[in-house]
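The structure appears below as structure tokens.
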Amino acid sequence: KLPFEALSVDTLAARLGANDALCSHIGKDTSRWKVREVGDGNLNLVFIVEGATGAAVVKQALPYVRLVGDSWPLPLKRSFFEYHALTRQEARAPGSVPAIYHFDESQALIIMEYLSPHIILRRALIEGRQLPNIARDIGLFMARTLFRGSDLHMATKDRKADLALFADNVELCDITENLVFSDPYFDAKMNRHTSPQLDSIVAELRADRDLKVEAQRLKHIFAANAETLLHGDLHSGSIMVTATETRMIDPEFAFYGPIAFDVGMLLANFWMAFFSQRGHEQDGKRDTMRAYLLDVTVDTWSVFRTEFSHLWRTERTGMLYQKSLFEDQGDRLGAEQALDHMLHQVWTDMLGFAGVEVHRRILGLAHNADFETIADEDLRATCEAKALKFGRHIAVNRRQIHSIDEVNKLAALIEQE
Ligand code: SR1
Ligand code: MG
């Protein structure tokens, strides 16, 4: 094994020119390789390599957080977790992630399918594009991976082995624990909000005891509920789309956590897209886009719920299958009642996770382009302030909110204020 060395546009062909997996997909004549570095995420290098017969993506972890620099070291082993999460996601939700061609643990690199003409979902939503299949595709992905990675479905021995395997993804969990659940609610060193107009709202949120208690409770649920293998960072920047196709990428934050976390993070990103639309109206009104985004939240939740319920009825083969308690006694209602309890819990916690995700993307270190690309500062601040208010409401009142229509009515009211 060679010691780790970061790739560059200039060294990639020499370093990977003899890699059979890469050559078989793009051709072995390295003189014809064209290499671009396209990583725009917070952590890694991402190269697109085009050869005579095709193209591939080479993703390499760096030993530090790219967004911050080498003052924040981060282990290379996140690449190992990403690789293992991708293989499990492909098995549990076939066709939902890029195909993997090769994994090199010591170089922390994954060679995978180049998705083209896909673009990042966040970009599509900022541009006002309506994609007819995302709710279905993402709803199914979440239900299938979250159900099939849990004790509802897996043999308990396998699940416990996976729990142990992913338990070592400590540093990336630590990022989420601090950046999502704690930092936004005090004057943390890495916090930044780009609109000074938010200062008074930020002060209010940090003095809001009910909100801070809720954030602490959510952090506890996140850290202590090892229910299933999560994607761990399922936001609209971790999804690639065409007009009809959807693929999930980047599961380096994968670990065993609460089912509601992936669902909440994802829906929060749709709600942020919704609140940011007014900032992107330079080429025309975005009323239908706003309505579309709310419909997407309804449909995603509905597809998730329906598929999860279907799997509950047809694939509950794990340790949590209580056949002898219910079905064997002719009591189908008991199993349905247990399902309702579970979905209710996922619903309630999902709203909480969504609320804090909205806050951290506006107040913490890692912002999102939905708001950041709004050039007019006052307009950006107005959009952000509304999203913050919405996030606070759903996090604090999550036990009193009973339907996604109720959430969306609130979102629409706040947006129009
Ligand atoms: C320091 S990493 C900041 C954020 O980027 C990733 O995409 C995760 O969302 C993480 O919280
Ligand atoms: Mg990422």
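The values are calculated or read from the model by the stated rules, or taken from the named source; none is laboratory data. Small disclaimer: the values here were computed from a predicted structure and weren't measured. Glycine gets a Cβ as well: all are built from the backbone with ideal geometry, and neighbour counts include every protein chain shown. Accessible surface areas use protein heavy atoms only, side chains included; no ligands, DNA or RNA. Shrake-Rupley method; radii C 1.70, N 1.55, O 1.52, S 1.80 Å.
Yes/no per residue for (1) more than 19 Å from ILE120 (Cα to Cα); (2) away from ligand 2 (no atom under 16 Å from the Cβ); (3) without any contact (Cβ under 8 Å) to a residue 12 or more places away in the chain:
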| residue | (1), (2), (3) |
| --- | --- |
| GLY17 | yes, yes, no |
| ALA21 | yes, yes, no |
| ARG36 | no, yes, no |
| GLY39 | no, no, no |
| LEU43 | no, no, no |
| TYR64 | yes, no, yes |
(request) Would you be able to tell me the number of residues in the range 195-226 that are over 30 Å from GLU127 (Cβ atoms) and either open to solvent by 60 Å² or more (accessible area, probe 1.4 Å) or free of Cβ contacts under 8 Å to residues at least 24 places away in the same chain (or both)? (result) 16
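Only one residue in ILE138, ILE126 is farther than 16 Å from ARG305 by Cβ and surrounded by 18 or more Cβ atoms within 10 Å (Cβ to Cβ), so which one is that?
Details: ILE138 fails: farther than 16 Å from ARG305 by Cβ.
Selected residue: ILE126, the only one of ILE138, ILE126 that is farther than 16 Å from ARG305 by Cβ and surrounded by 18 or more Cβ atoms within 10 Å (Cβ to Cβ).
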(message) Against the condition of a type in the set (Asp, Glu) and not in a loop (DSSP other than H, G, I, E, B), how does ASP162 come out, does it pass?
(response) yes
(request) All but one of (1) in a helix (DSSP H, G or I); (2) more than 16 Å from ligand 2 (Cβ to nearest atom) hold for GLY237, so report the exception by its number. (result) (2)
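Restricting to helices (runs of 4 or more DSSP H) lying wholly in the range 316-401: which have 3 or more residues that are surrounded by fewer than 24 Cβ atoms within 10 Å (Cβ to Cβ) and of a type outside the set (Asp, Glu)?
Details: elements: 332-363, 369-372, 377-396.
Hits in the range 316-401: 332-363, 377-396.
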(request) Of the conditions (1) charged (D, E, K, R); (2) modelled with pLDDT of 95 or more; (3) away from ligand 1 (no atom under 16 Å from the Cβ), ASP250 clears all except one; give me its number. (result) (3)
(message) out of contact with any Phe, Trp or Tyr (no Cβ under 9 Å at 6 or more places or on another chain) and not aromatic (Phe, Trp, Tyr): is that true of PRO251 in this structure?
(response) no
(request) Could you grab the pairs with beta carbons closer than 9 Å, sequence gap of 6+ or different chains, first residue in the range 242-260 and not assigned by TED's automatic domain parsing to the domain that holds LEU230, second one in a loop (DSSP other than H, G, I, E, B)? (result) none
